1. Could you name the aspartates and glutamates whose alpha carbon sits less than 17 Å from that of residue B:97, not counting residues in the same chain fewer than 8 places away?
2. Please give the net charge around residue B:201, taking every other residue with its beta carbon less than 14 angstrom from that of residue B:201, where Lys and Arg add +1 and Asp and Glu add -1.
3. If I take R0 = 45 Å and measure r between the Cβ atoms of residue B:38 and residue A:23 in this structure, what FRET efficiency does the formula 1/(1 + (r/R0)^6) give, to the nearest 0.05?
4. Over all directions, average the projected area of the Cα convex hull of region A:44-167 and note it in nm².
5. Can you give the net charge of the other residues whose Cβ lies under 14 Å from the Cβ of residue B:224, counting K and R as +1 and D and E as -1?
6. Once the Cβ-Cβ distance between residue B:99 and residue A:132 is put in as r, and R0 is 45 Å, what FRET efficiency do you end up with, to the nearest 0.05?
7. From a point 7 Å beyond the Cα of residue B:270 in the direction of its Cβ, which residues of region B:134-164 have a backbone N at a distance under 18 Å?
8. Taking 0.36 nm per intervening residue step and subtracting the Cα-Cα distance, what contour gain separates residue B:74 from residue B:260 on full extension?
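No value in this document is a laboratory result; all are computed from the given coordinates. Bear in mind the structure is a predicted one, so any value in this text is a computation, not a measurement. All Cβ positions, glycine included, derive from the backbone under ideal geometry; neighbour counts span all protein chains shown.
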Amino acid sequence: MTGARPLNPGRWLGVPMLFVILATILFAAPIRMWGLQLPEPIFAMVPAFAWAVIRPSILAPFALLLLGLFLDTFWGGPTGLWGLSLLVAYASVLAVRNMLTGQSRPMLWVWYAGACALSMTAGFLFTMMDSLAMPSLVAVFWQFLATALLFPFAHRLIDRFEDADVRFR
Amino acid sequence: MPFREGPLGDLKVPLTWTAAVALIVAVVIAVAFLLADRRETLQQQAYGVTRQTVDTVAKPVSGVIAAPGRWTGVGVDAVRNYFFAGSENARLKAELKEMRTYRDKYLALVDENERYKSLLGLKTDPPIPMVAARVVADSRGPFANTRLADAGKEKGVVVGNPVMNERGLVGRIVGVAPGASRVLLLTDIASRTPVMIDRTNSRAILTGDGGPNPKLEYLRGSEPIQAGDRVVTSGDGGVVPRGLPVGAAVKGLDGRWRVVLFADSTSIDYIRILLFKDFAQLADQQALAAKVLPPVITENPEQSILGPARPATPPPAAPATTAPAATTGTAPAAARPTTPAPTATRPAAAGTSAARPPATTRPSTTSPAPAPARTPQ
C-alpha cells in the first residue's frame with residue numbers, strides 16, 4: 001500500500017520553509033535601481049495555500065506560525081502579526097479544500113489571490129488594532145499584487161505533493 | 001510499555017480534527033504573541049533577546065546578499081560618471097557659483113550669531129556625536145518599514161537615537177544588538193515624529209502609514225502650511241534635536257497634507273546615527289533638584305504693576321464722593337503699614353491714584369474727592 005505512505009515532513013514542510021526564508025532574506029537586500037526598490041512579496045503565502053490544499057496536517061499550522069514569527073522578527077514588525085495572518089488564510093483554504101480539488105490552474109490562481117487578499121485584510125485589521133492607525137491602502141495593494149504573482153510556485157508545490165498520499169485526494 | 005500496546009493504542013482520531021485542534025492552538029499562540037508585543041513603546045526592554053539574536057545573525061547574512069547589489073550600484077555609477085562627466089562638470093560649476101554667494105552669507109550670519117550668543121550669554125546644545133553605518137537589510141511592506149544597520153551596542157548606539165542620511169532624517173533606532181541596530185523609518189505605521197513647518201513654525205506630528213509619504217497630523221494655526229514648505233524636526237519632547245531637515249509638504253490625493261521625504265531622494269545605503277541625548281538628560285538632575293524650597297511670598301497689591309487688588313464685592317451704591325474716602329483711607333493703610341511710604345514720598349500720588357484708582361474708588365475716578373482722602377496717610 002504504497003499510496004498510503006505518510007509524507008515526509010522534511011520534504012513537504014521543511015524544504016519549502018527553507019526556500020521561503022532564503023527568498024525573504026534575498027528580497028530584503030537594500031537594492032535600488034533608478035529610484036525603484038525590490039518588491040516585498042509574502043513568500044510564506046505560497047506554503048500557506050499549498051499545504052492546506054495538499055492535505056490536513058498537525059505540523060503545518062506550527063510551521064506557518066514559525067514562518068510568521070520569522071517574518072515579524074526579520075522585518076521588525078509586531079510579533080505575531082504575520083503568524084496570525086497566515087494562519088487565517090491557511091484555515092480558510094483548509095475549510096474550502098474540497099471545493100479546490102480538481103480545479104483548473106487559472107481557477108486555483110483566483111482562489112490563491114483570494115487567500116492572499118484575506119491574509120492581507122487580516123494583517124490590515126490586526127495592524128489597525130495594534131498601532132491604532134490605518135495603513136496605506138496603496139501599499140497594501142502593491143504587496144498583495146506582488147504576492148499574488150507567486151502562484152506558480154504554489155502550484156508547483158501542490159503538483160509535487162498532491163498525489164503523494166492518496167488518502168487525502 | 002510502548003504506546004501502541006497500551007489501552008489507548010487502538011484509539012483512532014480523525015486527522016482532520018487533530019489538524020483543526022493544532023490550528024486552533026497555533027492561532028492562540030499567535031494571538032498571545034501579538035497581544036504581548038510592545039513594539040510601539042519603542043523601549044529597549046520591548047526589543048527582546050529573540051529580536052536581538054535575529055538581528056545579529058541577519059547582519060552578516062544580509063550583508064553578503066546585499067554586496068553584489070552594492071557592487072553593481074558602484075559599477076553603474078562609475079560608468080555613468082565616465083559618460084556624463086562633461087554635463088556633470090557644467091552643473092557642478094553652476095552650483096558652485098551659486099554656493100559661493102550662500103557661503104558669504106553663511107559666514108556673515110555665523111559671525112553675527114556668535115556675537116548675539118555672547119551678548120545674551122546663551123547656552124546652546126552641545127555638538128552631537130555621530131556614528132556612520134551601512135544598511136544591510138530593509139523591509140518595505142505596509143505593516144513594517146525598518147532598516148537593519150551594521151552598527152550596534154559597541155559603538156554606543158542606544159534606542160531612540162535619530163538616524164539621518166546625507167539629505168535628511170530617516171528615522172530612529174528602536175532596537176540595538178551587538179553589531180547591529182534596527183531603524184524604524186519615518187514611514188512606518190508606528191512612527192510619530194514632532195515636526196514643524198519651517199516658514200511658519202507651525203507644529204505637527206509626522207505620522208507614518210506604510211506608504212512613501214507620511215502624513216502631517218495635528219497641524220495648528222490658520223493657513224499654517226503651503227505646498228512646498230520645508231518641514232523640519234521641532235525638537236518637542238526631546239526625541240530628536242530641533243531643525244533636522246525632513247522633507248517638503250505636498251497635498252495628497254486624499255486631501256491630507258503629506259511630506260515628500262528628503263532622505264528618499266537618494267538610496268539609504270549609508271546612514272548616520274546621531275548619538276543624541278536630550279539637553280535635559282545631560283543636566284545633573286540631582287543638582288537641579290532643590291533641597292530647600294524658597295518661602296512662599298504672596299504678591300503685594302500695592303507694589304504690583306497691575307495696581308491694588310479688587311475686592312470680590314461690587315462697589316457700594318453710596319454716592320461717589322463719600323464711599324471712596326472711607327475705603328481708601330482705612331483698608332489699605334491699616335492692612336499694610338509699610339506700603340504707604342511710596343505713596344507718601346510721591347507728591348503726585350493723588351494724581352496717580354486718580355488716574356489708576358483701586359477698584360473701590362473706580363466709580364469716582366472722575367471726581368477729585370479721593371485726592372484729599374489720601375493725604376492724611
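1. Cross-link targets: B:88.
2. +1
3. That pair, residue B:38 with residue A:23, gives E of 0.95.
4. 7.5 nm²
5. Spelling it out: positives minus negatives among the neighbours equals +2.
6. Computed FRET efficiency for residue B:99 and residue A:132: 0.50.
7. Flagged as within label range: B:134-137, B:148-152, B:163-164.
8. Full extension of this stretch gives 64.4 nm more.
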